[in-house]
Amino acid sequence: MIKGTELFIKALKEEGVDTVFTYPGGFITDLLDQLYEDNTIELILPRHEQALIHEADGYARSTGRVGVCLVTSGPGATNLVTGIATANYDSVPLVCFTGQVPTGVIGNDAFQEVDIVGITRSITKHSVMVTDRKDLGRIIKEAFYIARTGKPGPVLVDLPADIMKKLGDEKYPDSVSIRSYKPNTAVHPGQIKRVVTILEKARRPLFLIGGGVTIARAGEVFTKLAEKTKIPVVTSIMGRGCIPTDHELYIGNIGMHGCYAGNKAIDECDVLFSIGTRFNDRITGKISEFAPKAKIIHIDIDTASISRNIHVDIPIVGDAGNAIESLLECDFSGLHDYSTWLNEIKEWNEKHPIGAEEQPYEGLTPQQILASVNAAIKEKEAVVVTDVGQHQMWTTQNLHMDATKKLVTSGGLGTMGFGLPGAIGAQLGNPDKTVICITGDGGMQMNIQEMATAVAQELPIIIIIVNNNYLGMVRQMQKLFYDKRYSVTCLRYRKSCNYACRDGEKACPPYSPDFVKLAESYDAVGKRAWSEEELEVALSEAMKETKKPTIIECMIDSEFIVLPMVRSGSTFKDIILDV
């Protein structure tokens, strides 16, 4: 007979957990004491629970392992909510353990009592409270199984303090059998044959690759499939990197800020073969006019994702990796020659490239920043983590990727503040890789306290802050669609600015904070770059750091916008190429 806290430690070890992201609180103190006594699992102490779960998220995405969180009840638990939703949208395997008040006072508005199971039910894959000590081992086992199998996602387990103190069986289950949860990973051979048949009739086929291929870690086998069929490839943001970005078959991203040629190819293809994407609104625009000439094939592990947004002609439910492996065994000798189609797409790319913008302003261009990053990590294994905003779109447009590079970004929820903690988790999970965080001056300040975590953990993260003094993505919308009425998007805004700005006066106060001084206050390295030369020197010096994070503040003008752009709910015909 052992205490619940002891079984908890045993369960973590059985599941291969060696790192837990945790923040202390009254109702998990017994668990933390047990972890202290065991001393075999590394505990990471962030400075805020929202950052904590983003760190577990970055760890999970970059390693393929389950990220584990442990926080206390009440505000500790509710601070996880945004991070849980972030992970849920992007199918990230997390197990979040939350402390809870003793069962005897649940429902009595006890101190730091919240119904975290109820709060998170719609944003988790599974959410459950342990109400009986005898169920503890089974519930934890099921939590890890559910998080990592099928379509991965976050699972929350609520742990009342009295349950964790009780004695019970020391056995931890070695298998799982959940009657209502039987994820399917195999693909139906009959559907695979239908795919071959429809591709044999196609003259202008196109692969659309999403985050499901990234999650399945199937990029290498997909590249073989693309090369075998000679079919051009476009990706969603989450699918970028599944095929090397310099591959002759790769066109670029599609969607709201996708390349002209990629979006045009969607408009003109006769068969669209999608693997691992949800067809969300940022890809499709106006649904009724998406891929209007195409028969659509869709492979996804989640049955509910197929034909939910876009009608599909050939649905295939199964793991993306398994499906691609099955397709590789097929005979594609009956396919047409697609070289004319590929050359036509490349001509569109040449006519409307995503290239360097003119530089009429002081400072760097977004393309210069990404070119410097590409050069710095060209020969390295690297993980690039972004925050959310214009810098994220510029990164996904310009980052060169192959099998040695990994892109981590908040796609579905678009969570500002994800970048820095996500990079911390990625560096903890990949200590031998270069980790670069590309963030904006707005997103950086949402979790800037995590500089203390990065310094404490001696992580040599390189943090590139693309500073345009604005919340740039919203400012861009205001510039294009709201007659330049820049309401609360300027980060230099003071109370005294209000009427001066409306009257067109240029009485702008200084920007705050000074990121270089702020880095130094955390005992990190701080640098500022106004030119390519300064940025290259800063990156070179940052690469030599082995135990300190480096902030490189890259100054750009606020007038730069992300192009191309297809406005939400519009069609490819409405694409904005220039302003």
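Where a number appears in this text, it was derived from the coordinates with a stated rule and is not lab data. Quick caveat: nothing in here was measured; it's all calculated off a predicted structure. For neighbour counting, all protein chains shown are included, and Cβ atoms are generated from backbone atoms with ideal geometry for every residue, glycine included.
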Which is the longest run of the chain containing none of the chymotrypsin sites (Phe, Trp or Tyr not before Pro) found in DSSP loop states (not H, G, I, E, B) with at most 12 other C-beta atoms within 10 Å? 112-481
Starting at the first residue of the stretch 227-241, write each ³J(HN,Hα) from the Karplus equation 6.51 cos²θ - 1.76 cosθ + 1.60 with θ = phi - 60°, in whole Hz, x for Gly and Pro. 5, 6, 8, 6, 8, x, 10, 10, 9, 7, 4, 6, x, 4, x
Cβ-placed point charges (K, R +1; D, E -1), dipole of the stretch 177-222 about Cα centre in debye, nearest 20: 200
Using only the Cα atoms of the stretch 226-344, build the gyration tensor, take square roots of its eigenvalues as a ≥ b ≥ c, and label the shape rounded, prolate or oblate: rounded if a/c is under 1.5, else prolate if a/b is larger than b/c, else oblate. rounded
Read phi for every residue in the stretch 510-523 and hand back ³J(HN,Hα) as whole Hz from Karplus 6.51 cos²θ - 1.76 cosθ + 1.60, θ = phi - 60°, with x for Gly and Pro. x, 6, 9, x, 7, 5, 5, 5, 5, 4, 5, 5, 8, 6
Tell me, what is the Rg over Rh of the stretch 295-437, with Rh the Kirkwood radius over Cα pairs? 1.03
I need the shape label for the stretch 381-529. Rule: rounded when a/c is under 1.5, else prolate if a/b > b/c, else oblate, with a, b, c from the alpha carbon gyration tensor. oblate
Magnitude of the Cβ-charge dipole of the chain, K/R +1 and D/E -1, about the Cα centre, nearest 20 debye? 1340
Excluding Asp313 itself, what net charge comes from residues whose Cβ is under 11 Å from its Cβ, given Lys and Arg +1 and Asp and Glu -1? +2
Any idea what diffusion coefficient the stretch 118-230 gets from Stokes-Einstein, in µm²/s, Kirkwood Rh on alpha carbon pairs, 10 °C, 1.306 mPa s? 88
Pull out a ≥ b ≥ c, the square roots of the eigenvalues of the alpha-carbon gyration tensor of the stretch 443-579, then state rounded if a/c is under 1.5, prolate if not and a/b is larger than b/c, and oblate in the remaining case. prolate
Within the stretch 199-228, which trypsin sites (Lys or Arg not before Pro) sit in a loop by DSSP and count at most 15 neighbouring Cβ atoms inside 10 Å? Arg203, Arg217
Dipole of the chain [Lys/Arg +1, Asp/Glu -1 at C-beta], most positive-end residue of Pro24, Gly443, Ala110: Ala110
For the cross-link pairs Lys224/Lys378; Lys224/Lys406; Lys3/Lys547, which exceed 29 Å when the distance is taken from alpha carbon to alpha carbon? Lys3/Lys547
Per the charge dipole of the chain (beta-carbon charges, Lys/Arg positive, Asp/Glu negative, Cα centre), the residue among Pro75, Pro513, Asn39 reaching farthest to the positive end is Pro75
In the stretch 11-146, taking the dipole from +1 charges on Lys and Arg beta carbons and -1 charges on Asp and Glu beta carbons about the Cα centre, the listed residue (Ile139, Val66, Ser91) farthest towards the positive end is Ser91
